[in-house]
1. Taking neighbour counts of Cβ atoms within 10 Å as a proxy for exposure, in what order, fewest first, do 155, 124, 221 appear?
2. Below 8 Å between Cα atoms, with a sequence gap of 6+, how large is the relative contact order for segment 115-231 in percent?
3. Pulled fully out, how much extra length does the chain show between residue 245 and residue 295, if you take 0.36 nm times their separation in residues and subtract their Cα-Cα distance?
4. Given the Cα-Cα distance of residue 222 and residue 284 and 0.36 nm per residue of separation, how much length would full extension add, in nm?
5. Write out the GluC sites (Glu not before Pro) in segment 311-357 meeting two conditions: DSSP loop, and at most 14 other Cβ atoms within 10 Å of their Cβ.
6. Using the scaling law 2.2 N^0.38 Å as the reference, what is the normalised Cα Rg of segment 251-343?
7. Treat segment 139-274 as a sphere of radius equal to its Kirkwood radius over Cα pairs and apply Stokes-Einstein at 37 °C in a medium of 0.692 mPa s; give the translational diffusion coefficient in µm²/s, rounded to a whole number.
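Taken together, the values in this text are just the output of simple stated rules run on the coordinates, not laboratory data. Note that the structure is a prediction, hence the values are computed from the model and not measured. All Cβ positions, glycine included, derive from the backbone under ideal geometry; neighbour counts span all protein chains shown.
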Amino acid sequence: MRSIIIILVSLFFLLGCTSKEQKIEYKSKQNNLMFDKNIKQKELKKEDSSIIIEKVKDVVIEPEIIKTDNIAVVFSSSEIGQYALEVTITINTYLLYKNNNFNITIYDLDKYKGDQLAEVFKDISNKNISKVMIMITKDRLPKLATIDTVSKFQIYLPLINSYDTLVQLDVKNLELVYGAISYKKQFEALRKYSKEETLSEFYDNSNIGSVLHSYLEDKHINYSRRINDRNGEYKYFLTSEVLIDSSILLNTPIVKSSIILSQINALEVDVKQILSTQLNYSPFLFTLTQRPDRRKVVIANSIGKLPDDLIEYNNLLNNNIIYNWVNYSTILGIEYLLNGNLDKFEGVEIKDNQVNYSVELYKAKDNSFEKINSL
């Protein structure tokens, strides 16, 4: 199986996305079973016996007809960057792991002109594909809403959470599921754990930093500072008396978070706890910081348990599904498109057209994350 995975994915990327779409086909081993159409005539002979066994009539066993799943995956490579490669590997590996017959047709919106989504959906419809995973951000959602035939498709949106949408699709008449995790739910879990009425916050001018900061605008934030490339003298932010004996929220990516953690430790800032969402649930935390830097760190995570062999298959291709929530959401999306539910996964459910993820809190220990059993 490992050889199949490596050969298949390597072949796909050697061919490259040279056309508007790329089709991947895989047939499970069951299709290769050969059935002997003729069962040899048998005759039983015994000494001193005149019993003759009747010849068995020829029996024809028809091969089992196995369903082939056709799935379209749509993304803009310029918008999602490296995720274009990662989710393609994740999808293929998951389907190979399940030993499903499948055809995947990949569409890169960047290769289309004009009304890109409309053109792609027209082609998907012409190919009689009804299951579609769309790797688009909320900014493209208005275009999806204008497609007349959208109700014909079963759609999964792994990058969008329903609370983040300005365009309200008539989901009651659509087979559509939003699949992004809930940072808002993670904030609430962190606040409950900290038992603080007010929190301090650091964020940066990255897109994700700005978005997470916006989720806290109606919350009680006692002290909030934005860190950008021009004011990275963190000691000026960390010497405020407001931070003493407080809980700090880090809405900064892993590199900046690691620098802040080291500065908090070096300047001996006496804080209660340092809290973060999924943004910093990463193994890089242990390579970019020293043990004393992370002794008060608590991180929220919504990525649930996955089968060990599925993790191993992805590791063979250097594909991260343990710490990457987009890949995790992609796996859930493929399962939903195949079976219409997520019953095989613990801690997740589809409610009101949104994947509802559980939130677990972890302490950053010496070399790994340790789950906090009770909140």
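1. So the ranking, lowest neighbour count to highest, is 221, 124, 155.
2. That works out to 19 percent.
3. Here the answer is 16.5 nm.
4. Numbers: separation 62, 0.36 × 62 = 22.32 nm, distance 2.91 nm.
Stretched out fully, the residue 222 to residue 284 stretch lengthens by 19.4 nm.
5. Values: sites: 312, 335, 346, 349; in loops: 346.
Hits after loop and neighbour filter: 346.
6. Working: Rg = 16.6 Å, N = 93, 2.2 N^0.38 = 12.3 Å.
The reported ratio for this selection is 1.35.
7. 190
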